[in-house]
Amino acid sequence: MKYDFDTVIDRHNTGSVKWDVKDGELPMWVADMDFQAAPEIREAIQKRMDNGVYGYSVIPDEWRRAYVHWWKTRHNYEINPSSLLFATGVVPIIASTVRELTAPDENVLIQPPVYNAFYNVLNDNRRRIVESPLVYENGEYRMDLSDLEKKLSDPKTTLMILCNPQNPSGNIWDRDTLEIIGQLCAKHNVTVLSDEIHCDITDPGTSYIPFASVSQTCSDICVTTIAPTKAFNIAGIQSSAAMVPNRSLRDKIRHALNTDLVSEPNAFSVVATVAAFEKCAPWLDELRSYLYENKKALTKYINENIPQIHVVPSKATYLVWLDCSKLTSDSVSFASEIRRKTGLFLSNGTQYGESGRQFLRFNLACPRSVLMDGLDRLRRAVN
């Protein structure tokens, strides 16, 4: 490999949310990686930093061109440059969209188990949450399309938040499923907010399908959140985009982002984004291979040493969803006991909805030596 993913980087005392833990604890919870950003990104930031003046910044055309080129070459989808709106993060886009497109007495549909920020945003903005839970059968997940239509048909349901690829299960939704979602939402006048931040972190040889690319119907009714931050481990740079093909809908989202004051970049947002999309494809491909080997190592270890736990198969993200139903009916206390006994800090599944009560989420985006340490701690805690 050209790039180094094996060196352990000490992140203590760096203001890291993930590593704000006690001595001896090992955090494998929140979704950021323990790898340094690609050298090409660091060089671009250093060059900008060396200028020494960090005033107000604009969004240049090269920012849009970088997104357009990346999605065309990596995901076979032609983005209209004018459809892209800058924002400081995916969650701010979700929050602004919820406030702009829904009223407090309306329903927003989500599909648990799902990214806990969806719950936080909706609760904080006093929106009514309607759940269409994913169906868990034979150790894997699928959508209940009958239940989905029933919930979408409620006149008070005006927005659906889709997670594609899905967090925490790692599912990549197929074209037929996405097309049905588009048809149902158009039929019932529901806008789709598609969170696609994990789209670049797929297993080698595996691709995802942008919701907007499936049909003209899907394109017309969606707001898609995309960013380089998850794949290139630069979340602290605060750079993302809302991709909104429909002009009328785009005007509403632009107004929302401007009103909420989340539409202006910092001095490093643009240069980091452009460097990621223009120069870091080889780094990302090596990262995906490394994460895939981590996933195989984790699955093999758990199958051989902790067979009571089932690793839910996935094709995307670096987050592994662990079915612990043979060990616990309460992942909150289970995760707490694991942390107390061994220092291993995992996410309890109830954060992602009640259907996650018997699950844990494990972040394997770390050097393999750290991964094995975490697995050993998990084994000790269980056994």
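Of the trypsin sites (Lys or Arg not before Pro) found in segment 141-228, the ones in coil according to DSSP and having at most 15 other Cβ atoms within 10 Å of their Cβ are 156.
When the Gaussian network model of the chain links Cα atoms closer than 10 Å, the mean-square fluctuations of 20, 285, 330 top out at 20.
Estimated from helical segments only, the mean residue ellipticity of the chain at 222 nm is -12500 deg cm²/dmol, where each DSSP H run of four or more residues counts as -39500 (n - 2.57).
Relative contact order of the chain: 24 percent, from C-alpha pairs under 8 Å at least 6 residues apart in sequence. Sequence-distant contacts, meaning Cα pairs under 8 Å at least 6 residues apart, place the relative contact order of segment 315-383 at 37 percent. Mind checking which lysines have their Cα closer than 17 Å to the Cα of residue 279? Skip sequence neighbours fewer than 8 apart in that chain. Candidates past the 8-residue exclusion: 2, 47, 72, 230.
Per-residue 3J(HN,Hα) values for segment 160-166, derived from phi via the Karplus relation 6.51 cos²θ - 1.76 cosθ + 1.60 with θ = phi - 60°, read 10, 9, 9, 10, 9, x, 8 Hz in sequence order (x marks Gly and Pro). So, with a 1.4 angstrom probe, what is the percent of accessible area on segment 16-157 that is carbon and sulfur? C and S fraction of accessible area: 48 percent.
Working from Cα pairs under 8 Å separated by at least six residues, relative contact order for segment 1-133 is 13 percent. With the largest listed first and rounded to whole Å, the semi-axes of the equivalent ellipsoid of segment 308-373 from the Cα gyration tensor are 18, 16, 10. Given a cut-off of 23 Å, what percent of all Cα-Cα pairs of segment 224-383 lie beyond it? Roughly 52 percent, once rounded to a whole number. Accessible surface computed residue by residue for segment 118-231, with neighbouring protein chains in place and a 1.4 Å probe, gives 37 Å² per residue. Among 223, 135, 320, the largest mean-square fluctuation in a Gaussian network model of the chain (Cα springs under 10 Å) belongs to 135. Split the chain at each of the chymotrypsin sites (Phe, Trp or Tyr not before Pro) in a DSSP loop with at most 11 other beta carbon atoms within 10 Å, and the longest piece is 57-383. Between 259, 317, 202, the residue with the greatest mean-square fluctuation in the GNM of the chain (Cα pairs under 10 Å linked by springs) is 259.
Over the Cα atoms of segment 148-203, each weighted equally, I'd like the Debye log10 I(q)/I(0) at q = 0.23, 0.24, 0.26, 0.29 Å⁻¹, rounded to two decimals. Summing over Cα pairs of segment 148-203 leads to -0.90, -0.95, -1.05, -1.17.
The values are calculated or read from the model by the stated rules, or taken from the named source; none is laboratory data. Everything quoted here is computed from the prediction, not taken from an experiment. Every residue, glycine as well, gets a Cβ built from its backbone with ideal geometry; the counts of neighbours run over all protein chains shown. Only protein heavy atoms, including side chains, enter the accessible area calculation; ligands, DNA and RNA are left aside. Shrake-Rupley method; radii C 1.70, N 1.55, O 1.52, S 1.80 Å.
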